[in-house]
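Everything on this sheet refers to the single structure shown next.
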Amino acid sequence: MEIASKTAENTDNLSPNKKTIPVRAENITKQYGGGSFTAVDNISFELKENQITCFVGPSGCGKTVTLRLIAGLEYPTYGMLTVYGKQIMGPGPDRGMIFQAYTSFPWLNALDNVAYGLKIMGVPKAQREEKAREFLKLVHLEKFENYIPRDMSGGMKQRVAIARTLAQNPELLLMDEPFGALDAQVRWEMQEMMIEIIERDKKTVVTVTHDIGEAIYLADRIIFFTRQPGKIKADIELEFKGGKRFLMKEDLICHPGYAEMEARLFAMMREEIHGKQIEESGG
């Protein structure tokens, strides 16, 4: 495991009270191949309690790499990354990760899949099954507890993964394009369900998405990455929402300021993609 330190250069605007900050990144760089490839280059940010932050940017900009660094699945080459004031040294129960790929155990039914993490934590069977049923109901799968993954749709499988993660009650919820493999209808239904759950449980959330509409709907804040190597192009608080989360997407789309924010983000995305195309063509 390589965790190197680098002098903090751009952290004057970061809060000194590190212990109350869910995630603090100080001049994080992630390289591969002995430094021949830089995925993320010298980024710094702080995340806020009970806030939904979306990482957005073109393909290959380091969004997922940054999420994996927060999860403890990878380690920064340079810089310091902390969760609630503690340096990240690997995965932990304080962080729950929901992946794009379906991660249910194919031999377990929905109830046992949701209860699996609680079983590993040593929760007694009756208690963990009660908790698993509570979270299956939360994701609207209470009638399907005996179904195994091969008998479920893609949306149902992802709901099981969400329920399993939430049942372990992590302080920080990390999502890597969790709805990317779903069709459009199921996707927006899942997005609305997540808003409902996050409002209920007051979770701090970090999610990666390529979908600008999804980012605006889910996020309180968007961190936009440049093309590779990933740097922070913009850090945007979605102030037009007025601190409100909309349970139905059509209400947000009609809200003053939505169209302007969507146009701004599309222009930024086009700028990054266009710049990459110019570089590749030698222009």
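The table below lists the values:
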{"quantity": "Base-10 log of normalised Debye intensity for the chain (one unit scatterer per alpha-carbon) at q = 0.07, 0.09, 0.11, 0.12 Å⁻¹", "calculated": "-0.27, -0.45, -0.67, -0.80"}
{"quantity": "For V23, V139, order by how many other beta-carbon atoms lie within 10 Å, fewest first", "calculated": "V23, V139"}
{"quantity": "Cα shape, region 177-231, gyration tensor, a/c 1.5 rule", "calculated": "oblate"}
{"quantity": "Span-rule helices in the chain, defined as complete DSSP H runs reaching 15 Å or more along the axis (Cα) with Kyte mean at least 0.0", "calculated": "110-120, 154-167"}
{"quantity": "Of the chymotrypsin sites (Phe, Trp or Tyr not before Pro) in region 102-163, those whose Cβ has at most 16 other Cβ within 10 Å and which sit in DSSP loop", "calculated": "Y102, W107"}
{"quantity": "Alpha-carbon Rg with Dmax, taken over region 79-214, Å", "calculated": "14.9, 47"}
{"quantity": "Residues R270, R133, R245 arranged by fewest to most Cβ contacts within 10 Å", "calculated": "R270, R245, R133"}
{"quantity": "Cα-Cα over 26 Å, subset of K48/K86; K63/K125; K86/K202; K86/K137; K131/K203; K48/K131", "calculated": "K63/K125; K86/K137; K48/K131"}
{"quantity": "Global form of region 52-144, assessed from the alpha-carbon gyration tensor, a/c cut-off 1.5", "calculated": "prolate"}
{"quantity": "Helix-only [θ]222 nm of the chain, DSSP H runs n ≥ 4, -39500 (n - 2.57) each, per residue, nearest 500", "calculated": "-11500 deg cm²/dmol"}
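Here, each number is a calculation from the coordinates, and none is a lab measurement. Since we're looking at a predicted model, the values are computed, not measured. Note: ideal-geometry Cβ built from the backbone for every residue, glycine included; neighbour counts use all protein chains shown.
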